[in-house]
Amino acid sequence: MTKRETHWHKSSYSGGSGSCVEVAEGKAVLVRDTQNRALGHIDYTAEAWASFLRGVTTHRA
């Protein structure tokens, strides 16, 4: 079996303050803190991530 490389990108929801998160999308959605990559990441199902994003955009001021 071949190990698949994870392709991270800066989330479009990250602000310009330098407090960014990176996201890798695939079977699971992985999220990590750009400034603390060594701490690891959080795994979400695609459905849970979509629900989170809907909540964020719905409750923006």
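Every number in this text was worked out from the coordinates using simple rules, so none of it is lab data. If you're wondering where the values come from, they're calculated on a predicted model, not measured in any experiment. When we count neighbours, we look across all protein chains shown, and the Cβ atoms used for this are built from the backbone with ideal geometry, even at glycine.
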State, to one decimal in nm, how far the label point of LEU39 lies from the label point of THR58, with both points 7 Å from Cα in the Cβ direction.
2.7 nm
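Among 40-46, 52-58, how do they line up by average Cβ neighbours within 10 Å per residue, starting with the highest?
40-46, 52-58
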Potential extension, SER11-ALA50 segment - 0.36 nm per residue separation minus Cα distance:
12.7 nm
Under 5 Å, built H, 5+ apart or other chain: amide partners of SER11:
VAL21, GLU22, VAL23
